[in-house]
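S.K.: Below you will find the structure I want to go over with you.
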There are 2 protein chains.
Amino acid sequence: MTARTPDSARDIPEATVARLPVYLRALISLAEEGTTTCSSEELAAFAGVNSAKLRKDLSYLGSYGTRGVGYDVEYLRYQIAREIGVTQDWPVVIVGIGNLGHALANYSGFRSRGFRVVALLDADPDRHEEVVAGLDVRSFEDLESIVAEHDVSIGVIATPAVAAQSVADRMVATGITSILNFAPAVLSVPDGVGVRKVDLSIELQILAYHEQRKSIAPGAGAVS
Amino acid sequence: MTARTPDSARDIPEATVARLPVYLRALISLAEEGTTTCSSEELAAFAGVNSAKLRKDLSYLGSYGTRGVGYDVEYLRYQIAREIGVTQDWPVVIVGIGNLGHALANYSGFRSRGFRVVALLDADPDRHEEVVAGLDVRSFEDLESIVAEHDVSIGVIATPAVAAQSVADRMVATGITSILNFAPAVLSVPDGVGVRKVDLSIELQILAYHEQRKSIAPGAGAVS
DNA sequence: AGGAGTTTGTGAACGGGAGAACAAAACGAG
DNA sequence: CTCGTTTTGTTCTCCCGTTCACAAACTCCT
Ligand SMILES: NC(=O)c1ccc[n+]([C@@H]2O[C@H](COP(=O)([O-])OP(=O)(O)OC[C@H]3O[C@@H](n4cnc5c(N)ncnc54)[C@H](O)[C@@H]3O)[C@@H](O)[C@H]2O)c1
Ligand SMILES: NC(=O)c1ccc[n+]([C@@H]2O[C@H](COP(=O)([O-])OP(=O)(O)OC[C@H]3O[C@@H](n4cnc5c(N)ncnc54)[C@H](O)[C@@H]3O)[C@@H](O)[C@H]2O)c1
């Protein structure tokens, strides 16, 4: 029987980590509509998951519920936000201010979810005259100084696929340790650097696969 | 020993389905640079996965490789495209032509990956004067007729979260059976309708979680 | 105070996916 | 034709995640 690490530094399964933001969003919705307490059943329905899974997920954080009663919405909301690390804002830089970069820069949802866009960078000098969402579009060469100035550790890549790896390399060199990549390219980064990708076309192709099966073999199941 | 279903209709694991598009992308890259044959090792490196996993994934589709030689790039590319169902274009409608909807409409990558945007819809009448990427922005009321005319089965939701469920309901009512949802909301749809979500803020929050852990407990691992 | 009714937290069973390891198959050299 | 080399396809094992089911804990009512 190994002694458990005192308080934090518990090992939360990756699958659970991916769902915590969903629970957080559900709790914020509940709080906004005035709910002060909720059961695991209610919260699970709001988050679109099984209630047993929800309870197990929350149990990794600690015992924040009350048996026979449920969870205090505001309290649990804070605990999850703290666990994720979004009680303060994370500074973020976006590289590649094209179609997608503009949309991201203009997206107001970041701010309320724990992120603050501190700079927009693009390699194309023609872009540098633009102001998007109140921020100057700056030269990619300014990356180092911006990262240093704002202590940025999260970067977003919205450049064409061919440029993605070199942008990632440059980000890593400046000290960025988490990258969100929208370009359809596999990034190679050193250990210790986190990468997540969002690939729109892949999502559509997965839907297409199931769609095709529906027409071939009627009675095929739904998509998760 | 149960007789296997003759040819297609094999049961491909969901995890494999999600990787097939990545392999397809890698094969297209290889083909573009003139490679005609590749080993599982090479292709796996290109796709960013383990070669054993790649081979197992491909084995669900059939035996398309040659032992001692490898895979024919063009042939495998076609087989995967056929399995996914992107040998012909799928008509797609996008609902909600705001920041994100504009970016999606202007994205040229869809076309080459098996999708064709046939209509852009928005509830706001002010938007209806706009032309985006060569398409008129039309009234959401036109959904039925457009879906019927083009035989659309895939819809993309890029509206605010509050509108997402009602848009989804309307889509389902018109016969759409696959939905890609960008709004931060859990959609409830009937069985047989596929839903996938892309939530930017969730991706960033997952990165933030690991980022926070790095600073608390140095030596924590990387993100998958 | 005690019992009935709720709801959490978790142990245990189960299923699916990841990776190692190897036999089977193809090819080329001699 | 035979042997050695290469690389696939598959089997086996392990691990992670999901789900069930239930004891423990709390509230409320009498
Ligand atoms: N637009 C979408 O809806 C969409 C959807 C899915 C994926 N994507 C992917 O997102 C990425 C961006 O898409 P987009 O439509 O905005 O493309 P885009 O061409 O409109 O914009 C790309 C921007 O990146 C800049 N850029 C190029 N090389 C750079 C470099 N080395 N450093 C810094 N900036 C650089 C360009 O100047 C340009 O402004 C692409 O990889 C695309 O495949 C976009
Ligand atoms: N912009 C981003 O980068 C980004 C990032 C992550 C998530 N999102 C999400 O994507 C969605 C769209 O974001 P956005 O920035 O484009 O918002 P937006 O406000 O710019 O655009 C929303 C559009 O949807 C239209 N709309 C509203 N209700 C509608 C309805 N019932 N039917 C049809 N159209 C309707 C509006 O008229 C508007 O044009 C939001 O849910 C947002 O949270 C956006």
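S.K.: Where in the range B:1-99 are there trypsin sites (Lys or Arg not before Pro) that are in a DSSP coil and have at most 14 other Cβ atoms within 10 angstrom of their Cβ?
M.R.: Filter output for the range B:1-99: B:4, B:10, B:67.
S.K.: Relative to the other copies, what are the label-point distances for residue B:70, with labels 7 Å from Cα along the C-beta vector, expressed in nm at one decimal and sorted shortest first?
M.R.: 5.9
S.K.: Between the alpha-carbon centers of the range B:50-73 and the range A:19-94, tell me the distance in whole angstrom.
M.R.: Measuring centre to centre over Cα atoms gives 43 Å.
S.K.: Hey, another quick one. Among the residues of chain A, which one places its Cβ closest to the rotation axis that maps chain A onto chain B, and what is that distance in whole Å?
M.R.: Residue and rounded Å distance to the axis: A:103, 2.
S.K.: Taking each residue in B:87-94, count the Cβ atoms of any other chain within 10 Å of its Cβ, then average. What number comes out?
M.R.: Average neighbour count from other chains, rounded to a whole number: 2.
S.K.: Dipole of chain B, Cα-centred, from +1 at each Lys and Arg C-beta and -1 at each Asp and Glu C-beta, to the nearest 20 debye?
M.R.: It works out to roughly 1080 debye.
S.K.: On C-alpha positions alone, give me the angle between the axis of helix A:73-84 and the longest principal axis of chain A, in degrees, nearest 10.
M.R.: Helix A:73-84 sits roughly 50 degrees off the main axis of chain A.
S.K.: Using a label point 7 angstrom from Cα along Cα-to-C-beta, what distances in nm, from shortest up, separate residue A:133 from the other copies?
M.R.: For residue A:133, the other copies' label points sit at 2.0 nm, shortest first.
S.K.: Here is a follow-up. Taking Cα centroids, how far is the range B:178-220 from the range B:135-166 in Å?
M.R.: One Cα centre to the other: 24 Å.
S.K.: Compute a Gaussian network model of chain B, connecting alpha carbons closer than 10 Å, and tell me which residue from B:206, B:94, B:84 fluctuates the most.
M.R.: B:206
S.K.: Still on this structure, I have one more. Could you line up A:35, B:36, B:159 from fewest to most neighbouring Cβ atoms inside 10 Å?
M.R.: Going from least to most buried by this count: B:36, A:35, B:159.
Every number in this text was worked out from the coordinates using simple rules, so none of it is lab data. Since the model is a prediction, treat every value here as computed from it, not as a measurement. Don't worry about glycine lacking a Cβ; one is built from the backbone with ideal geometry, like all the others, and counts go over all protein chains shown.
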